[in-house]
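Here the structure comes first, spelled out in structure tokens, and everything after it is commentary.
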Amino acid sequence: MKLQFIAKDPGSEPSGSPTLYRTDRGTWVVQGWVVTDPDALAAMDVPDGEACVEIPDRLVPFFQPQP
């Protein structure tokens, strides 16, 4: 899988994380805050091999395929 950097969260200092990447497989990779809230995790059915990360609303505009 090849990653193309799209954006770092401009409002998150000092690290600029969360971060968005586009893959060459037509998918997105999101680096974000690990969801650890027990109630939130209980409300989801996350199978083995998958995880959930949280990102801020300000990154949503970057979810567009790049030419």
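The values are calculated or read from the model by the stated rules, or taken from the named source; none is laboratory data. Only a predicted model underlies this, so the values are computations on that prediction, with no experimental measurement involved.
Would you confirm, using the coordinates I've provided, whether LEU3 is at pLDDT below 90 and of a type in the set (A, V, I, L, M, F, W, C)? So LEU3 does not fit the description; no. Within region 23-65, the residues that satisfy the criterion of being hydrophobic (A, V, I, L, M, F, W, C) and more than 16 Å from the chain's Cα centre (by Cα) are ALA40, LEU41, ALA42, ALA43, MET44.
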